[in-house]
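We did not get these values from a lab; they are worked out from the coordinates using the rules stated. As the structure is a computational prediction, the values presented were derived from the model and not from experiment. Note that we place each Cβ from the backbone using ideal geometry, even for glycine, and neighbour counts take in every protein chain shown.
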Amino acid sequence: MTALAAEARIAWAIARKDAVSELRGRSAASMTLFFAALVLLLFGFALGPDTRKLAEAAPGLLWLAIVFAGLLAVGRLHLLETDDGALEQLALYPIDRRAIYVGKALAGFVTMLVLGAVMLPVVGIMYGVELARAWPALSVTVVLGALGFSAVGTFYAGLTVRVRAREVMLPLLLLPVTAPLLLAAVKASAAALSGDPFGELGSWLQLLAGFDLVMLLVAGASYGFLLEE
Amino acid sequence: MPLTIYVSPRAAGAVEPQTPAVATVELARLFGRSAALAGVSLRVQAGRTVALLGANGAGKTTLLRILATAIRPSFGTARVDGIDVAERPDQVRGRVAYLSHATGLYDDLTGAENLRFAATLLAVPAPEREERIAETLATIGLTGMAAERVRNFSAGMRKRLALGRVLLASPTLVLLDEPHAALDEAGMQLVDALLAAWREAGITTLVASHALDRLQPFIDGSVRLESGVVAEIAGSGVEPNPEPRGAIGLPVGTGASV
């Protein structure tokens with residue numbers, strides 16, 4: 001078996017383990033979805049009943065809800081490792097630490113995809129946005145946005161998991177770094193929903209893909225150091 | 001009770017026989033301004049079982065954690081089978097199995113799933129994985145709990161499952177931190193049987209414990225630590241390491257604070 005295949009096998013085992021734990025702790029998973037929906041509802045209240053204003057704000061509010069709920073999700077995937085010394089044990093296996101990062105990021109990516117898949121129709125219904133024509137471009141945006149957020153979120157969740165004030169530190173560190181991702185995802189979603197009249201969708205998607213690639217490479221190369229004590 | 005110990009690469013001849021299984025030179029570890037280890041120089045011969053004795057805070061756990069690559073030494077060196085734990089931790093991890101105070105188990109996975117996850121990460125070949133897991137569960141007496149989530153396990157059952165994870169590895173060096181703790185008499189007998197089996201298989205074992213009487217039949221020698229330094233070495237298989245200290249040393253011998 002090649003080294004790459006061995007890493008992939010280990011990453012898959014870690015992602016699968018995280019997914020099983022997350023699904024069995026159903027209350028936490030459903031609470032995250034509920035939280036995201038609540039964010040959308042509260043923003044709706046704040047903006048008032050003007051349907052045109054709500055539709056205009058929909059792309060931004062969608063991504064804010066995904067990012068806020070994603071913060072909880074990526075943080076929790078690392079909290080699973082704090083039970084009874086699991087993180088230290090994970091670091092002691094004779095495996096490449098990039099595989100740990102990839103496994104964690106993969107679990108985060110799938111969680112973010114589920115969040116995006118649930119939140120898109122919720123936004124459509126709540127803010128009266130027509131999604132039918134835009135769904136292929138929106139799907140690509142959600143996939144790229146979820147990948148980027150998971151890539152960088154996994155790194156910062158690993159950085160803060162041993163910190164006492166991790167619930168505060170994670171958003172403080174992570175949110176500024178995700179600003180380019182948030183901007184590109186909002187602009188791409190807005191372009192997709194409006195039929196891309198200025199032909200800017202491709203550029204924003206390219207920016208998202210570039211962000212994803214850079215973050216995956218940098219975070220993947222650095223993550224192993226976070227496991228050192 | 002079925003008990004199979006999987007032979008390590010070292011036992012198969014991958015390391016020169018005269019290379020000590022463990023060698024430390026002026027090994028020290030600071031936590032803040034406090035020295036948990038303050039200059040330990042030891043050599044443990046391969047295939048021997050050695051007890052690490054000492055009061056709470058003497059440095060036993062810190063020594064084991066450095067050898068397991070869980071933490072890095074502040075000063076000095078530690079080698080496992082001739083490999084420096086700080087320079088090549090990735091190579092050392094493939095040789096060491098470590099049972100710590102914390103079990104490192106996942107509460108929402110079942111007993112079998114925890115072992116399956118460990119077996120995958122320990123590169124137990126897929127065709128024999130399920131057989132090894134079943135065999136391990138039988139050895140640790142948890143076959144009936146295989147499908148139960150670990151969240152519902154008692155402290156003793158968690159300890160047994162953590163021991164099962166150690167059994168899935170094929171180490172040259174087994175590090176056990178108070179393995180009898182939290183176990184009932186049957187569990188303690190299981191640990192005794194494993195200590196005997198590892199010794200029989202020629203696998204080096206370091207056991208930190210307060211229960212010397214219990215360990216006595218299974219050990220070749222012992223090291224007593226006091227305030228992070230070696231206070232006494234007894235028996236065979238372990239000796240002071242005469243290698244010269246490095247350029248950086250710590251004041252040795254008086255207390256845990258520097």
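Of the residues A:Lys104, A:Lys17, the one with the fewest other Cβ atoms within 10 Å heads the list, and the complete ranking is A:Lys17, A:Lys104.
Note on segment B:11-90 and segment A:107-153: Cα centroid distance 50 Å, given to the nearest whole angstrom. Per-residue shielding of B:112-125, expressed as the average number of other chain Cβ atoms within 10 Å of the residue Cβ, stands at 4.
Each of B:Ser41, B:Phe75, B:Thr62 was scored by the projection of its Cα onto the charge dipole of segment B:12-106, and the greatest displacement toward the positive side belongs to B:Thr62; charges sit on the C-beta of Lys, Arg, Asp and Glu. Relative contact order, whole percent, for segment B:102-170 stands at 49, derived from Cα pairs under 8 Å and 6 or more residues apart. Exposure proxy ranking for A:Trp63, A:Trp204, based on other Cβ atoms within 10 angstrom of each Cβ and starting from the fewest, stands as A:Trp204, A:Trp63.
Each part reduced to its alpha carbon centroid, segment A:1-55 and segment A:196-215 end up 22 Å apart.
Overall, the protein assembly as shown carries a charge dipole of about 420 debye about its Cα centre when +1 sits on the Cβ of Lys and Arg and -1 on the Cβ of Asp and Glu, all other atoms neutral. Look at the dipole of the protein assembly as shown built from charges on Cβ: of A:Leu79, A:Ala165, A:Val177, the Cα furthest out on the positive end belongs to A:Val177. Backbone phi angles across segment B:93-105, fed through the Karplus curve with coefficients 6.51, -1.76 and 1.60 (θ = phi - 60°), yield HN-Hα couplings of 4, x, 10, 10, 10, 10, 9, 9, 4, 7, 7, x, 9 Hz in residue order; Gly and Pro are listed as x. Note on B:101-111: average number of Cβ atoms from other chains within 10 Å of each residue's Cβ is 6.
Taking every residue in A:78-89 and counting other chain Cβ atoms within 10 Å of its Cβ, the average works out to 5.
For a modelled paramagnetic label at A:Thr82, 7 Å from Cα along Cα-to-Cβ, the residues of segment A:145-171 in reach, with backbone nitrogen under 18 Å, are A:153-171.
Relative to the longest principal axis of the Cα atoms of chain A, the long axis of helix A:51-79 makes an angle of roughly 10 degrees. Subtracting the Cα-Cα distance of A:Ala3 and A:Met31 from 0.36 nm times their residue separation leaves 6.2 nm of extension gain. Here A:Lys17 is the anchor, and the lysines within straight C-alpha reach of less than 17 Å, apart from those fewer than 8 places off in the same chain, are A:Lys104.
Can you tell me which of B:219-229, A:42-52 comes out highest on packing, and rank the rest after it, using the mean Cβ neighbours within 10 Å? All intermediate terms of the calculation are to be shown ahead of the outcome.
Details: B:219-229: 21.3, A:42-52: 11.5.
Sorting B:219-229, A:42-52 by mean packing, highest first, produces B:219-229, A:42-52.
Compared with the dominant principal axis of the Cα atoms in chain A, helix A:201-226 is inclined by about 20°.
Put simply, the amide H of B:Val238, placed in the peptide plane, has neighbours under 5 Å in B:Gln45, leaving out anything fewer than 5 places away on its chain. Helical content of the protein assembly as shown, expressed as a calculated mean residue ellipticity at 222 nm, amounts to -18000 deg cm²/dmol (DSSP H runs of 4 or more residues, -39,500 (n - 2.57) each, divided by residue number, nearest 500). By other beta-carbon atoms within 10 Å, ranking A:Leu62, A:Leu172 with the fewest at the front produces A:Leu172, A:Leu62.
Please sort B:167-176, A:174-183, A:135-144, B:38-47 by packing, taking for each peptide the average over its residues of neighbouring beta carbons within 10 angstrom, highest first.
On the way: B:167-176: 24.6, A:174-183: 16.6, A:135-144: 19.0, B:38-47: 22.5.
Final packing ranking: B:167-176, B:38-47, A:135-144, A:174-183.
Taking the Cα centre of chain A as reference, the dipole from Cβ charges on Lys and Arg (+1) and Asp and Glu (-1) amounts to some 220 debye.
Under 5 Å between amide hydrogens, built in the peptide plane, is the criterion, and for B:Val230 it picks out B:Ser41 among residues at least 5 positions away or on other chains.
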